[in-house]
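Colleague: What follows is a single structure, and I will ask about it in a moment.
The values are calculated or read from the model by the stated rules, or taken from the named source; none is laboratory data. Since the structure is predicted, the reported quantities are computational estimates derived from the model, not experimental observations. A quick note on method: Cβ atoms are made from the backbone with ideal geometry, for glycine too, and the neighbour counts reach across all protein chains shown. The area values use the complete protein model at the heavy-atom level, side chains included, leaving out ligands, DNA and RNA. Shrake-Rupley method; radii C 1.70, N 1.55, O 1.52, S 1.80 Å.
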Amino acid sequence: MADRLLDRLLTPKFVFGTLLVIIVLASLLVPNDKADEVSGALSSLSYERSGVRGWYEGSQRLGWTVKRREERFHGTLPESALYVVLAPDIEPTASEVGALLAAVRRGAGLVVSAERRSPLADSLHLYSDDFQYSGYPVVAGAMPTPRAPDSLTMADVAAMDSAADDTTAASDSASANDEDFEEPDAIQSFDSAVSRSQRTRDSLAEAVRRRSRVPSALAAYSYHVHAALTATRPLPRDTSTFLTVIAVSRLVPTVKPAAIGLPLGAGRVVVLADPGIVRNALLDEHKLVVLPQRLLEWAAPGPRAPVIFDEYHHGMGRHGSMMAAIRRALTDTSVGRAGLQVMLAGLVLLLALGARPIAPRPHLRLERRSPLEHVGALSRAYMQKQATRLAARRLVHGLRRRHGTVARSGDDEAWLRRIADRYPALNPNVERLVAATKLPVSPRDFTLLADDIDTIERTLRT
């Protein structure tokens, strides 16, 4: 009984039916709204929740000159601009990263995300690590401040602040009223808090947050930051830390930066562990619209610097393709042009030998007659022409061939004479055959020649 039940359960109908039900239930019950917010292209053209169109248009309304770049980074880039390169779908090459960082060293600004094993991460000696879907709590940080008065005048800063809405101004004033943030003390107190307590990550984050006095505009990013930064070498002393989170690695909570600012030559670089903190989904909350603008103010070389969003590495503009490479090889090289001419000639030949719009005439085929039909047609032709002499010669020649003497010397008449000398009884038959080969005979006499041939053949066989 158990074996029969097992056989029924293992039938293809039952197994594939069960898999189909599981797939349908999984597609209906598994939520995917949060996954759409965390993942997706961070393009300034996207109105989706994962895009950065809100940051692009918000910066434009606050007085920034925003542009989109739809070509690769090459040559000497302007050092008076601020470049934004976030989670590119197409990884920039090493030469592009070199051109970009060279512009930063001359004074340009840069806001980037450091994906692991990318050329940008290798050049900055930082990479994004410890990704967690549920996000990390923010335990420390300092709101970015604009450049010093030598590059950003106080009048320019006041003009930019006055362009913000009332909600942003209120959030900024609340952050300014908090006590000064001392990140080193918070990190030192964190080790003692962990050693004295075995509480959860949330309770540890709350303890560190009370000591560090995190501004409310930064604390609002808790659980919206899904990754942290890992440095491959010690960070410079003048590094500015904008967001610090508690990341859990191998069940051990550690404090890691999530958004930092690095002076590089005459310019500045903002590195984001999770570039999704500037996506459209977060800008719906009034507390989360301040930090993206403050990052632009901190990294920009000047108040009127153009902010250039990279769209080339999100798929816009002209890109290299296999078809373009094949087209250049066929049209720009002598070998390619020769091969193209051969292919065109082959195509013309194929069209000439292929299907035609008008069906061709069928070829007339003459079937060969069978041996019996050939003999009948030949006899009728001989009868119509009364070719008795030719027919008699064919009969004598066939008799000689059947007895294997064709290859010998002499003609058919001499062969018949030798047979008459050897067999005197065949002399009348031989004379009639010789006479029929020289003179026309009547149809009745021609039929008697068959009897003569039969007599000679019987005699030769005995």
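Colleague: Would you confirm whether or not segment 97-115 contains a residue that is of a type in the set (Gly, Ala, Ser), buried (at least 19 other Cβ atoms within 10 Å of the Cβ) and closer than 23 Å to Leu251 by Cα?
Modeller: Scanning segment 97-115, I find no residue that is of a type in the set (Gly, Ala, Ser), buried (at least 19 other Cβ atoms within 10 Å of the Cβ) and closer than 23 Å to Leu251 by Cα, so the answer is no.
Colleague: Also: Residue check, Gln132 against (1) out of contact with any strand residue (DSSP E or B) (no Cβ under 7 Å at 6 or more places or on another chain); (2) open to solvent by less than 70 Å² (accessible area, probe 1.4 Å); (3) more than 30 Å from Leu251 (Cβ to Cβ), all met but one. Which one?
Modeller: Looking at each condition in turn, Gln132 falls short on (3).
Colleague: Tell me, which residue of segment 202-250 that is part of a strand (DSSP E or B) and open to solvent by 10 Å² or more (accessible area, probe 1.4 Å) is modelled with the lowest pLDDT? Walk me through how you get there before you give the answer.
Modeller: First, the residues of segment 202-250 that are part of a strand (DSSP E or B): 225, 228-231, 240-249.
Remaining after also requiring open to solvent by 10 Å² or more (accessible area, probe 1.4 Å): 230-231, 240-241, 248-249.
On the way: Thr230: 91, Ala231: 91, Ser240: 91, Thr241: 91, Val248: 74, Ser249: 70.
Looking at residues that are part of a strand (DSSP E or B) and open to solvent by 10 Å² or more (accessible area, probe 1.4 Å), I get Ser249.
Colleague: Out of the residues in segment 321-338 that are part of a helix (DSSP H, G or I) and either within 25 Å of Ile90 (Cβ to Cβ) or touching a residue at least 24 places away in the same chain (Cβ under 8 Å) (or both), state the one that is least open to solvent (accessible area, probe 1.4 Å).
Modeller: From segment 321-338, those part of a helix (DSSP H, G or I) are 322-331, 334-338; that's our starting set.
Adding the requirement that they be either within 25 Å of Ile90 (Cβ to Cβ) or touching a residue at least 24 places away in the same chain (Cβ under 8 Å) (or both) leaves 322-329.
On the way: Met322: 147, Met323: 135, Ala324: 13, Ala325: 47, Ile326: 80, Arg327: 138, Arg328: 129, Ala329: 49 Å².
Among them, the one singled out is Ala324.
Colleague: Determine the pairs where a residue that is closer than 15 Å to Leu449 by Cα, located within segment 375-402, has a partner that is outside any helix (DSSP H, G or I) and not hydrophobic (A, V, I, L, M, F, W, C) with Cβ atoms under 6 Å apart, the partner being 6 or more residues away or on another chain.
Modeller: Thr388/Pro440
Colleague: Any residue that is crowded, with 20+ Cβ neighbours inside 10 Å and out of contact with any strand residue (DSSP E or B) (no Cβ under 9 Å at 6 or more places or on another chain) - is there at least one of those in segment 296-315?
Modeller: yes
Colleague: What about Leu45, is it more than 25 Å from Phe131 (Cα to Cα), at pLDDT below 90 and surrounded by 12 or more Cβ atoms within 10 Å (Cβ to Cβ)?
Modeller: Details: more than 25 Å from Phe131 (Cα to Cα): yes; at pLDDT below 90: yes; surrounded by 12 or more Cβ atoms within 10 Å (Cβ to Cβ): yes.
Spelling it out, Leu45 is indeed more than 25 Å from Phe131 (Cα to Cα), at pLDDT below 90 and surrounded by 12 or more Cβ atoms within 10 Å (Cβ to Cβ).
Colleague: A further question follows. Residue by residue through segment 414-453, note down the ones that are among the acidic types (Asp, Glu) and either modelled with pLDDT of 90 or more or surrounded by 13 or more Cβ atoms within 10 Å (Cβ to Cβ) (or both).
Modeller: Within segment 414-453, the subset among the acidic types (Asp, Glu) is 421, 431, 445, 451-452.
Result: Glu431, Asp445, Asp452.
Colleague: Let me ask another. Exactly one condition in (1) at pLDDT below 80; (2) on the phi < 0 side of the Ramachandran plot is false for Gly40; which is it?
Modeller: (2)
Colleague: Of all residues in segment 49-83, which are β-branched (Val, Ile, Thr), surrounded by 14 or more Cβ atoms within 10 Å (Cβ to Cβ) and more than 14 Å from Ala300 (Cα to Cα)?
Modeller: Step one: list which residues in segment 49-83 are β-branched (Val, Ile, Thr), which gives 52, 65-66, 76.
Of the ones still in play, those that are also surrounded by 14 or more Cβ atoms within 10 Å (Cβ to Cβ) are 52, 66.
Matches in segment 49-83: Val52 only.
Colleague: From the set of residues in segment 73-94 that are hydroxyl-bearing (Ser, Thr, Tyr) and over 24 Å from the mean Cα position of the chain (by Cα), which is nearest to Ala266 (Cα to Cα)?
Modeller: Taking segment 73-94 and keeping what is hydroxyl-bearing (Ser, Thr, Tyr), we get 76, 80, 83, 93.
Still in the list and also over 24 Å from the mean Cα position of the chain (by Cα): 76, 80, 83.
Details: Thr76: 16, Ser80: 11, Tyr83: 15 Å.
If we take residues in segment 73-94 being hydroxyl-bearing (Ser, Thr, Tyr) and over 24 Å from the mean Cα position of the chain (by Cα), then Ser80 is nearest to Ala266 (Cα to Cα).
Colleague: Tally the residues that are of a type in the set (Val, Ile, Thr) and under 13 Å from Phe242 (Cα atoms), restricting the search to segment 284-306.
Modeller: Qualifying residue count, segment 284-306: 1.
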